[in-house]
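Notes follow once the structure below has been shown.
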Amino acid sequence: MTRSDLVEELAARFSQLTHRDAELAVKTLLDAMADTLVRGNRIEIRGFGSFSINRRPPRMGRNPRSGESVAIPEKRVPHFKPGKALREAVDARTEELLKVPLSS
């Protein structure tokens, strides 16, 4: 699902929202989430999952073309951990899809 798909879904589910309002709501939500992560805070959405920042320590890498060692600096990267309800829903839905026989 893309950002525009999310806007379309929101506008379709809530008829009182215009497309522009739905787009603004999605943008505002995603911007707030990004700002929270940039500040180093954690986001927890019950039943869905949590977003946090993981630290990747500095390390030595290798340039694949030349074989030369390269120092890779420390990084902070976003991390998503799905909640129990989401994991169970995905697992159940995946099992349902696997049980459906494929038509030839």
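Before rounding to the nearest 500, sum -39500 (n - 2.57) across all DSSP H runs of length at least 4 in the chain and divide by the residue total; then give [θ] at 222 nm in deg cm²/dmol.
On the way: 3 runs with 47 residues, N = 104.
Rounded to the nearest 500, it is -15000 deg cm²/dmol.
With Cβ to Cβ distances under 11 Å as the rule, what net charge do the other residues near PHE48 carry (K, R +1; D, E -1)?
Details: positive: ARG46, LYS81, LYS84, ARG87; negative: GLU44.
In short, +3.
Of all accessible surface on the range 38-89 at a 1.4 Å probe, what whole percent is carbon and sulfur?
On the way: 2320 of 4410 Å².
Heavy-atom surface of the range 38-89 belonging to carbon and sulfur, 1.4 Å probe: 53 percent.
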**Complete:** Calc'd 3J(HN,Hα), the range 19-35, phi into Karplus 6.51 cos²θ - 1.76 cosθ + 1.60 (θ = phi - 60°), Hz, glycine/Pro = x, comes to 4, 5, 5, 5, 5, 5, 5, 5, 4, 4, 5, 5, 5, 5, 5, 4, 4
**Asked** Counting only heavy atoms of protein chains, what accessible area per residue, in Å², does the chain have with a probe of 1.4 Å?
**Response** 86
**Complete:** Using eta = 0.692 mPa s and T = 37 °C, Stokes-Einstein with Kirkwood Rh from Cα pairs puts D for the chain, in µm² s⁻¹, at 185
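The values are calculated or read from the model by the stated rules, or taken from the named source; none is laboratory data. Just so we're clear, the structure is a prediction, and the values are computed from it rather than from any experiment. Counting neighbours? That spans all protein chains shown, and the Cβs are built from the backbone with ideal geometry, glycine included. Only protein heavy atoms, including side chains, enter the accessible area calculation; ligands, DNA and RNA are left aside. Shrake-Rupley method; radii C 1.70, N 1.55, O 1.52, S 1.80 Å.
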